[in-house]
1. Which value in deg cm²/dmol, rounded to the nearest 500, describes the helix-derived mean residue ellipticity at 222 nm for the chain, given -39,500 (n - 2.57) per DSSP H run of n ≥ 4 and division by the residue count?
2. In whole Å, how far is the Cα centre of segment 1-36 from that of segment 64-110?
3. With every protein chain present, what accessible area does Thr93 have (1.4 Å probe, heavy atoms only), rounded to the nearest 10 Å²?
4. How would Lys143, Lys101, Lys90, Lys6 rank on accessible area, largest to smallest, probe 1.4 Å?
5. Expected output is a single nm value to one decimal: the length gained when fully extending between Gln123 and Leu49, i.e. 0.36 nm times separation in residues minus the C-alpha distance. What is it?
6. Anyone know which of Leu88, Leu33, Leu105 comes out most mobile in the 10 Å Cα GNM of the chain?
7. For the chain, what does the accessible surface come to per residue with a 1.4 Å probe? Please give it in Å².
8. Select from Ala57, Ala95, Ala31 the residue whose mean-square fluctuation is largest in a Gaussian network model of the chain (Cα-Cα springs shorter than 10 Å).
Amino acid sequence: MEILIKPWAEAQASAFLVRQEVFIQEQKVPAELELDEFDPLATHALAYLNERCIGTARLVNLGGGKAQIGRMAVLDPFRSQGIGSLLLEKLITLASSQGMKSIVLHSQVAAIPFYEKQGFEAQGPIYAEAGIPHRNMILVLPK
C-alpha cells in the first residue's frame, strides 16, 4: 500500500470514485454537494493498493497559517486497517512542512475518536452537514 500526494487534475478520477462510493452511495450525501470549489485548490492524498485507489483525503490551505483536512474516505472493505491514519498523518506532515500553524476539520460525530487519537480536539457544538451530525475539530501543530 502506498500514499501518493497529487493535485486535483491528477487525483480527480480516483478520488471521486472513492468519495462517490463512501459519501454518495453509503452515506446518502447529495451528489451535488460532493464536489466543491475547494477540490481544485486542494492537495489530495490517495491510498493505493495494487494500483487501486482505496482511500482519499484532501488538504486545503485556508491562509493565515491555517489548513483544513476534509473529504476523508476509505472504501468499506479496507477500513480498520490503519489506512485512514496513514492518510491523515501524510496530510498533517504536509501541512507542517508548508508552515501551517493549525489544521481544522469537520468530523462526523462517529469519527471523533479516530481524530482524537491523532491529537485533534473537538470544538463547538454539533451541527448537521449534508444531513450528518458533525463537530469541528482542531490540531495545533508544533512550531
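1. Mean residue ellipticity, 222 nm, calculated: -7500 deg cm²/dmol.
2. 14 Å
3. 90 Å²
4. Values: Lys143 240, Lys101 135, Lys90 85, Lys6 40 Å².
So, going from the largest accessible area down, we get Lys143, Lys101, Lys90, Lys6.
5. 23.2 nm
6. Result for the chain, Cα springs under 10 Å: Leu33 fluctuates most.
7. For the chain, the per-residue accessible area is 54 Å².
8. Fluctuation is largest for Ala31.
The values are calculated or read from the model by the stated rules, or taken from the named source; none is laboratory data. All values reported here derive from a predicted model rather than from experimental measurement. A quick note on method: Cβ atoms are made from the backbone with ideal geometry, for glycine too, and the neighbour counts reach across all protein chains shown. Side chains included, ligands, DNA and RNA excluded: accessible areas come from the protein's heavy atoms. Shrake-Rupley method; radii C 1.70, N 1.55, O 1.52, S 1.80 Å.
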